[in-house]
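Presented below is the structure to which this report refers.
Any read-out appearing in this document is the output of simple, stated calculations on the displayed coordinates, not a laboratory observation. Everything numeric here is computed off the predicted structure, so don't read it as measured data. Because the Cβ atoms are built from the backbone with ideal geometry, glycine has one as well, and the counts that use them run over all protein chains shown.
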Amino acid sequence: MKKFLALVLCAALCLSVFTVASADVAEVKLGVILLHDEDSTYDLNFINGVNEAVAALGLNDDQVIVYRNIPESNDCYEAAMELVDEGCTLIFADSFGHEEFMIKAAKECPDVQFCHATGTKAHTEKLDNFHNAFAAIYEGRYLAGVAAGLKLNEIKANGKLKGEVPLMGYVGAFPYAEVISGFSSFYLGAKSVCPDVQMKVQFTGSWYDYNGENAAATALIGAGCDLISQHADSMGAPTACEDAGIPNVSYNGSTQKNCPNTFIVSSRINWAPYFQYIVNQVANGEAIDADWTGTIATGSVVLTDINTAVAAEGTVETVADVKAKLEKGEIKVFDTAADNFMLLGGAKIESYIADVDDMGDYVPETEVVSDGYFHESEYRSAPYFDVKLDGIEWLNGF
């Protein structure tokens, strides 16, 4: 019965919303599906983005429904259909594993708009009402890496390195392109100012696992790492750094309140511009991009304030200078011609065929290197950089 009512409501929405263009955002009702809740730095970042967009657009509380702790399972499909029952004209989900269930709901309810972060299939499914979104977060990771590299230079100058060369540790969730792109750009940013830096990566096999992330960071610190960063969603790694007195570059938001003695900076995707965009598109009866990629220029890639009590002297000024060059295109994060950009083993990369059209067969089909750089997140919004770079050691990889 629920499914039947949802389908009927979809048909009604077609007549009332999408056949008549309207600039009135009061006609839009937004449903949001989150993998976790506020305890996850990842999901909290989306919640903050929703709240910022709601305030900017002047939406009422009854125009937004947020479902928390929705697994990457058929529960996502059920949640989406319940949001349709609640009258939502626009539904958004935030986790990669939600995608197939959002597509299922979109096919059954063609007159409701479904948007999904980090997904890969919108440009191949070609549904008018299913869309992917991400941002060029590798730009923010690169900037955070610059801050990390400057800190390593300071540690080295003070004679406090644990080993012979500066060593970073990185706690990653999975060996997926999104994570690989993130830690590779972070490493390249650090290497641009600290040429002899090396990095070890430890994967946890989970997006959110406080104990696992804490243990991974602790192990990396024990292995001689002078600084830790992460692509994982709990406070596990930052807490391990604070406990051990090891500098930390976090992700998705500042951890300075809880880690005042070790936090340097954090990069994050600011989702507020995207939420404003999709609400306005629906309000105006206009199409949403199948693949939307935010950038530094759109305000979608941002850094927190730099903790000057921990960061190396001159970090604020240097990061601002590099940021300006990224915005102007004077710096390409994945510059394949750069001396510090080499494949594992030391070979240069002149061509790379990536699996952009994710058909589930892991067969690469798209040339992504041209004009001297790897064109990340340009052929689809979700990252597809999965290159193993020289100087980065994968301690595990599943």
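Taking the charge dipole of the chain about its Cα centre, with +1 at Lys and Arg Cβ atoms and -1 at Asp and Glu Cβ atoms, the residue from LEU395, VAL64, VAL28 reaching farthest to the positive side is LEU395. Seen through its C-alpha gyration tensor, with square-root eigenvalues sorted a ≥ b ≥ c, segment 239-352 comes out oblate because a/c lies at 1.5 or above while a/b is not bigger than b/c.
Taking Cα centre as origin and charging only the Cβ of basic (Lys, Arg, +1) and acidic (Asp, Glu, -1) residues, the dipole magnitude of the chain rounds to 800 debye.
The HN-Hα couplings worked out from phi for segment 120-130 by the Karplus form 6.51 cos²θ - 1.76 cosθ + 1.60 (θ = phi - 60°) are 10, 10, 4, 6, 9, 5, 6, 8, 5, 10, 10 Hz, whole numbers, x standing for Gly and Pro. Residue separation of LYS104 and GLU313 scaled by 0.36 nm, minus their Cα-Cα distance, works out to 70.1 nm of gained length. Here segment 192-228 and segment 295-345 have alpha carbon centers that stand 21 Å from each other.
Between GLY294 and PHE134, ALA135, ALA136, the built amide H atoms are under 5 Å apart, and every one of these is 5 or more places off in sequence or on another chain. Put simply, the amide H of HIS231, placed in the peptide plane, has neighbours under 5 Å in VAL171, GLY172, ALA173, leaving out anything fewer than 5 places away on its chain.
Taking only Cα atoms and a 10 Å spring cutoff, compute GNM fluctuations for the chain and point out the largest among ASP321, ASP43, ASP386. It is ASP321. Seen through its C-alpha gyration tensor, with square-root eigenvalues sorted a ≥ b ≥ c, the chain comes out prolate because a/c lies at 1.5 or above while a/b is bigger than b/c. Residues PHE275, PHE186, arranged from fewest to most other Cβ atoms within 10 angstrom of their Cβ, appear as PHE275, PHE186. Within the chain, helices built from complete DSSP H runs that reach 15 Å or longer along their own axis (Cα positions) and carry a mean Kyte-Doolittle hydropathy of -0.5 or higher are 2-13, 41-57, 74-85, 137-157, 177-193, 210-222, 272-283, 315-328. Of all beta bridges that DSSP places with both ends in the chain, some 20 percent have antiparallel geometry.
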